[in-house]
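What follows is a short report on a single structure.
Just so it is clear, none of the values below were taken in a lab; they were calculated from the coordinates. Just so it is clear, the structure is predicted and the values come from calculations on it, not from any experiment. Don't worry about glycine lacking a Cβ; one is built from the backbone with ideal geometry, like all the others, and counts go over all protein chains shown.
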Amino acid sequence: MANIFQKGQKFASNALALLQRQIKTPALFVHKYGIADFTGAEGDVLNFRRPPILRARKKNWRGNDAIVVDDIVKTKIQIALNEHPYSAVFLSPEEATLDEVEYGRDIQQPQVRAVLEDFEETTVNALRNANYVLGVVYNPASGNAKESDPRKVAVWARKLFQDKYVPTSGRYWFVGSSVSAEIASYDKLQDVDVSGLPEALRDGVVGKLGGFIIVEIDALGESESFFVHESALAVAAVAPVVPQGAAKGGGVAAGQGLAVTQVWDYDGTQLKDRSVVHAFTGATPITDPEIGADGRLKLDENGAPQMEFVRAIKVTFGPASGSAKYTVSGLPGSGTFTLTVDGSTTDPIPFNATNQVIADEINELQGVSGAKVTGSASKTVVFTENVTMTGTGVTVAAA
């Protein structure tokens, strides 16, 4: 199919602006990597080591107890460069000779824009597809203020971040258009000084609640929503080298931390010039070692550290859907235990608590209602929401 260029008419010097989405997310994330990082990297993957995590132990005062020697366990972050977006177009001799073609406006800029939009899709998809352990519900129609009040939802998200030691600065609430419309009508929404924000984010700022700057993201679905820290993703972008056989080419700054390469060559079989703009990109969720109640790393059966994604929180907008069922066994003979649902932990539950007391503690958690508990030696917990539950001091398994 031939390109369509306007001709034979006089055009105003200022073209009519296209209705295009604003690209925001790539500029937000602070971990950015380029050609200098990936050159020579095996499998196009970067490996960054973390410092070991140790916790002091206490020796009995004037006691004869032997000391415990801990192993040094190192963890690492892997960042992959694994996407190759491109835009390729032909330009016929008829178009180049007879049509009103401005190369920068009509060819290069739309191609660069296409690759940049794909880069944002890569970052958004990394958020969508991450394995979340933290979640909240924002349901404006709920009778529970913890779910219907956006400030209380944000405050609860802040608690989840605080419990995981996520830094207080650089916290955002990414929202789609429907979520944004609900929040924008909230009368206690705080204003934001946008002067310190990345320029790409400023026009999308809705306000601030619970320490989170709320930003409407065009690339999200209208009901999608995430609480995000600026370190949640590592993004990678590399401009490919210009091939030796290309007629001409070079790097083009696309903005948002993305550099692309444009290559011009000639297809003699079709007698057409060809422009190709492409880049290498990637986005990886940053996971952290899971820390147990004793302050030490949780290890799997092979002695490897268990990693979890806690630098972002998934928001369910509207009524939570689905269901879940868990068994709780290994109840203690004394003391207390706790249960954690989507990152929210109950108060300590007495070892001999009745099923109703356990259910009441669970239903106090944000985003949970109608959970039922049955059983004696082991308990069965049934949720009306699709949730993830773990426990401390007990064994929890999906039923």
What number results when the radius of gyration of the range 321-398, computed over Cα atoms, is divided by 2.2 N^0.38 Å? 0.96
The chain: relative contact order in percent, alpha carbon pairs under 8 Å with at least 6 residues between: 20
Cβ-based charge dipole, the chain, positive-most Cα from Leu160, Gly257, Thr338: Thr338
In Å, what Kirkwood hydrodynamic radius results for the range 251-399 from the alpha-carbon pair distances? 19.5
May I ask for the net charge around Asn144, where only other residues with Cβ less than 13 Å from the Cβ of Asn144 are counted and Lys, Arg are +1 while Asp, Glu are -1? -2
Of (1) 24.8; (2) 23.0; (3) 24.2, which one was derived for Kirkwood radius over Cα pairs in Å from the structure shown? (1)
Exposure proxy check: His84, His31, His229 ranked by fewest other beta carbons within 10 Å? His84, His31, His229
Under 27 Å between alpha carbons, and skipping anything fewer than 8 positions from Lys298 in its own chain: which lysines qualify? Lys58, Lys59, Lys74, Lys76, Lys159, Lys164, Lys314, Lys325, Lys379
Mind checking which of Asn64, Ala96, Gly318 is farthest towards the positive end of the chain's charge dipole, using Cβ charges of +1 (Lys, Arg) and -1 (Asp, Glu) about the Cα centre? Asn64
Contact order normalised by residue count of the range 321-398, Cα under 8 Å, 6+ apart, percent: 48
What does the charge dipole of the range 321-398 about its Cα centre add up to, to the nearest 20 debye, if the Cβ of each Lys and Arg holds +1 and the Cβ of each Asp and Glu holds -1? 280
How large is the charge dipole for the chain, taken about the Cα centre, if only the Cβ atoms of Lys, Arg (+1) and Asp, Glu (-1) carry charge, to the nearest 20 debye? 1380
Rounded to the nearest 500, the 222 nm mean residue ellipticity computed for the chain from DSSP H runs (n ≥ 4, each -39500 (n - 2.57)) alone is -5000 deg cm²/dmol
Hey, if you put +1 on the Cβ of every Lys and Arg and -1 on every Asp and Glu Cβ in the range 120-197, which of Gly196, Phe174, Tyr138 ends up farthest toward the positive end of that dipole? Tyr138
